[in-house]
Amino acid sequence: MTDAASPAPGNAVDVAVIGGGLIGLGIAWRCAQRGLAVTVFDPAPGSGASWTAAGMLAPVTELRYGEQSLFALNLLSAQRYPEFVEELQSAAGMDVGYRLTGSVVAAWDAADLASLRDLAVFAKSLGHPVEVLTGRELRRESPLLSPGLPGGIIAPDDHQVNNRKLHAALRAAFSAAGGRVVTERVTAVWSPRGRVAGVVLADGTVAPAGITVLAAGAWSRQVDGVPPELMPRVRPVKGQTLRLRLPSGEVLGRVVRGTVRGSPVYLVPREDGELVVGASSEETGFGLTPRAGAVYELLRDAQSLLPIVAEAHLEDVSTSLRPGSPDNAPMIGPSRIEGLVFATGHYRNGVLLTPVTADGVADLITNGTLPIELLPFRPDRFSTHPDTHRPAEVPA
């Protein structure tokens, strides 16, 4: 049930990470690189949002009005990706499918094109120019697009990574750095003397740790042992993605996004001819059963932008839960209980924010200070209660 022997009760590791997705493994790898003994706990590592995601690295085309702080963090993490990928691929000995494809956003009609022009002006005001395209220029960038589209925008620095390969590489690099993955479910954090000092597994086993990181995504509030008012305010947002294979010889060079009759859709091409189409968005609790209507709607809207989709083979339907937050931004930093750190609520940007989250949490654990770029995303930003608990720190 483990990659190596489980830590015995009473034999504490430095860091226990609850959650073996991209965020959890990224944090664990960075901590292990710094010489800490780290164990990740997850019954099925990488089977959630990390598996279903499309792998877009899209700070510009994910830009929303009122989310300037999140945009700045997304942009910073995107800028770290080349170095992060180079180091990870070297450590893991495998490719992660990082591609500098750029992204286009296709307008569905004249009103949609006007909205994209406004977005381009907004992005430019934040120091990140975006080019507006006519219909002819849009087709020149992506010849497979429908000929009737009126135009769009291009974000040349919005790229992609193969999220499934990225997860495999993080797990391999973490193991190579001396980390352990325990495929058991954590039911609660262990707080023997008023501070979190490890985790409790489903079989009742206690696994002590100096610091515990809660990085369980949409399931973060399902871990017991912390008063509800001190838990991160995450909620599950169901999403479905499709993996298609285009007819032989057909290649979509760039990531394509658009909104068809009010429904957002994106198409992410892989080097091997796979095309990832996503993503539905439903707030229906923790149910993971694929919905036929969502599959139909994604295929319908994808085909409206890219007619060749009608000829593609449907290879996979994936369903998972994104960890949503009240302001769509992550919650990263010390909790209000000593010994417990939060890294959750990444919502649409978990893949993109993996480098900056991993670096920041590792800095917090080893240096006791949260980097300045993560201060706007502290978990206590939603709290109305006085902070009576000490921040997380690593015991000497």
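Miscellaneous remarks
- Per-residue ellipticity at 222 nm computed for the chain from its helices equals -8500 deg cm²/dmol, with DSSP H segments shorter than 4 residues left out and the rest contributing -39,500 (n - 2.57).
- Dividing the mean sequence gap of close Cα pairs (under 8 Å, 6+ apart) by how many residues the chain holds gives a relative contact order of 22 percent.
- Within the accessible area of the chain, the carbon and sulfur atoms contribute 52%, probe 1.4 Å, all protein chains present.
- Over the chain, accessible surface divided per residue gives 40 Å², non-protein components excluded, 1.4 Å probe.
- The HN-Hα couplings worked out from phi for the stretch 367-377 by the Karplus form 6.51 cos²θ - 1.76 cosθ + 1.60 (θ = phi - 60°) are 10, x, 10, 7, x, 4, 5, 9, 4, x, 10 Hz, whole numbers, x standing for Gly and Pro.
- Rg over Rh, two decimals, the stretch 109-185 (C-alpha only, Kirkwood Rh): 1.27
- Calculated on alpha-carbon atoms, Rg and Dmax of the stretch 274-382 in Å: 18.5, 56
- The share of Cα pairs per 20 Å bin across the chain, counted from zero up to the longest distance, runs 29, 55, 16, 0 percent.
- Report note on the peptides 106-112, 156-162: ranked by the mean count of other C-beta atoms within 10 Å, highest first, their order is 156-162, 106-112.
- Listed residues GLY239, GLY249, GLY46, most fluctuating in the chain (Gaussian network, C-alpha, under 10 Å): GLY249
- Global geometry of the stretch 196-256, whether rounded, prolate or oblate, following the gyration tensor of its Cα atoms and the 1.5 cut on a/c: prolate
- Rounded, prolate or oblate (a/c below 1.5 giving rounded, otherwise prolate when a/b exceeds b/c) for the stretch 81-217 by Cα gyration tensor: prolate
- Pairwise FRET efficiency - ARG64 versus LEU314, Cβ, R0 = 30 Å, nearest 0.05: 0.45
The values are calculated or read from the model by the stated rules, or taken from the named source; none is laboratory data. Owing to the predicted nature of the structure, the values given are computational and were not obtained by experimental measurement. Note that each Cβ is placed from the backbone with ideal geometry, even for glycine, and that neighbours are counted across all protein chains shown. Areas reflect the complete protein model, heavy atoms only, side chains present, ligands, DNA and RNA absent. Shrake-Rupley method; radii C 1.70, N 1.55, O 1.52, S 1.80 Å.
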